[in-house]
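First the structure, in the form of C-alpha cells, and then the observations on it.
We did not get these values from a lab; they are worked out from the coordinates using the rules stated. Quick caveat, the model's predicted, so the values are computed rather than measured. Cβ placement follows ideal geometry from the backbone for every residue including glycine, while neighbour counts extend to all protein chains displayed.
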Amino acid sequence: MKSEAEQKRFWDKSEFQIVSLGIGLAGLLSALVALLTDFFKIQTIEMYFLVVVAAAIVLLAVSWAFRRTEMWSAFCLLRDSIFLGKVNSELNALLSFLEYLPRQRNGFDLFERVRLGIEVYILLADDPDKRNLLRRKHRAPVDVRVEPVVVNTIGEIYDKKDEIADYFRALGKHKPARVTDERATQFLVPVVVIEGFLAAHYLVAGLLPELNEEWQPAILDYGRAMTDPFHHFGELDDGEHGSVDLRELQAFQFICWLAWGPSIPICTCSRWRGKVGFQFGYGDEDVSIPLFASKSDDGAWAIEYLKRSVNKRSQNGASPLAFQTSVTGRLRWDSHDAILPDAQRHHSNADGNRSRLLLECLDEPIAPRPDGGASTPRYFSAYVWILFVICDKDGDALWPRVPKGTPGLSGTKAQVWRGLLPFFEHANIANGDNYLLLKKQVARKALAVLADVCRDKRWDAFTFRYVSALDDTGCREGEPAFSVAPKACDLMKSMLDEFPGLAGRVLLERKVERYLSACCFPDIVRDYYATVPLH
C-alpha cells in the first residue's frame, strides 16, 4: 500500500506522462505519415486524410489516459459543483480547469488545488471585497493556500448550504480512490466565523423545509384533522363531549408550531451521548448549523463557555439563552447521519440520504466576538414554547395507546402527536430581559387558554399534563445541559393561584413517560412525516 505522499507523486508523474504520451504519439504518427507518403507516392488529399486519422488516434489516446487520472476527476468536480446548472457548464469547467495546470502547486496536487479553489469560491464569491480572488465570472481562484477564510456571520455560510451540498455530492461521486471517505466529507480550507450565536439547543426541522416552503399540504392535513373522525379526538367525539373545538385548537397549535420547527434543549441523558451538535446561528434559530468538536464527546467545551457567559452578561438577574461567539472551524458533510448522537439523528424525509451540513469547531474554547461590547446588538430569535399532552382523568396520555411501562415509541401507529398541545411565542433569546418577559407571557397564555377549555363542561373528561419546554427536556433520565432560572414550569406553578379552575386539571408535577420527552421529539416528528400524507 502506497503512502499518501507516494500516491501524490505518482499522480503528479502521471499528469506529466499524459502530456509526454500525447507529444510522443503525435510525433511518431507524423513521422509515419511522412514515410508512407514518400514510399507509396501518396497524393496530397490522401495525406490529409491520414493526418486527420493520426490526429484522431492521438486525441483518443490522450482522452483515454486523461479519464484514468485525477485530471478527469478534477474536471468533473468543477463541472458538477460550482458550474452545475449553469449555461455552458462543460466549457466553463474546462476553461477553469485549464487555469490550474500551469500554476505553481504550493505543495498540493492538482485535485486538492481544484478542491481548495472551489471551496474558496463558494465561501467568497458573493463578497465584493474578495472579488479579486476570482479571475473571471463563475471561475474559481487558482493560487490557493490552506489559510482560513474569514466570513462575517454564520448566516453567510447557511445561505450557501445548497452550493456546499452540490460540492460534497460531486466530491463523493468523483473523488479519486486515494481520497478517503472522511477527507471527502470535510472542507480542506478552515473558516473563521466572526459572529454567530451559540445555544444549547437542537433545531427540529419543520414542515416548510419538508414541503419546500409550500403551505398547501400542511393546510390540507389541517383540514383532514378537522373532518376525519379517526383524527385526534375521534374516539371521544361522540356528540356528547363536543370536542371539535379542542381538536381544532390542538391541530392548529401543533401544525403552526411545527411549520418552521422548534428547537429542543440538549439533555444529559443517554440519547445525547456522542459528539453533541450545539445550535450556532445568526438572526433566527432557523438560520443555524450544528456546531460540534471532534475532541469532545459530551459537549463540555460549549457548556463551560455558556456558563461563563451567563456570569459575565446576565442583565439584572435575567440571563439569555444564546450568546455571541466567534468560531474557527471546518465545514463537514454528515452524509450517513453518523456524527451526532441519537437524539440528533436526521428526522426529516426531505433528503433521502440523510445528509446535512455541520461545522466542526477547531479551537477550544471558542472565543467571544472581539468587539462584542455592551453596545453590540444581541439579537437571536427563537420559539419560546411550552408543551402539554392531553390526558384522561387519570393523567394518562390519550395517545399513544400503549401499555403503561412501555420503554419507547410503538411505531407510527402510536401517533403521539395527536395529543400534543404546544403554546409558544417568538422571543429574542440573546437578550435576557426580552427572553424572560416572553417566557412569562407564554406561561400565562398557556394557563389562560387551558382555563377557558376547562370551564367548558363538555371537556371534563380531559386533563392536561406538562411535558417539556425550551428550557426543560422533561426527561426522567437526565437534565437540560444548560438552562437559566426561572424555568417555564416554575413560572406556571407560581401563577396557578390566578386560575383556580385548573386545580386537578393541569398537572405540572409528574414527569411524563420517556417517549414524550423533548429528547424523543425528533422521533415523534419523523413518525408524523411518515404517517401523514403531506406530499
What distance in nm separates the simple spin-label points at GLU147 and LEU496, each placed 7 Å from Cα in the Cβ direction?
6.3
Per-pair calculated FRET efficiency, R0 = 25 Å: GLN441 and LYS307 via Cβ, rounded to 0.05:
0.40
Roughly how many debye, to the nearest 20, is the charge dipole of the range 419-492 about its Cα centre, given +1 on each Lys and Arg Cβ, -1 on each Asp and Glu Cβ, and no other charges?
300
Among 249-256, 377-384, how do they line up by average Cβ neighbours within 10 Å per residue, starting with the highest?
377-384, 249-256
If I take R0 = 60 Å and measure r between the Cβ atoms of ALA177 and ALA530 in this structure, what FRET efficiency does the formula 1/(1 + (r/R0)^6) give, to the nearest 0.05?
0.95
Label-point separation, ASP433 to VAL87 (7 Å along Cα→Cβ), nm
5.4
For TYR222 and ARG455, extending 7 Å from Cα along the Cα-Cβ vector and measuring point to point gives, in nm, a value of 2.5
Per-residue Cβ contact counts at 10 Å, fewest first, order ASP162, ASP245 as ASP162, ASP245
Ranking ILE339, ILE264 by Cβ neighbours within 10 Å, fewest first, what do you get?
ILE339, ILE264
Segment LEU508-ASP392, extension gain: residue separation times 0.36 nm, minus the distance between their alpha carbons:
40.3 nm
Output ordering of 513-524, 415-426, 387-398 (per-residue mean of other Cβ within 10 Å, highest first) is 513-524, 415-426, 387-398
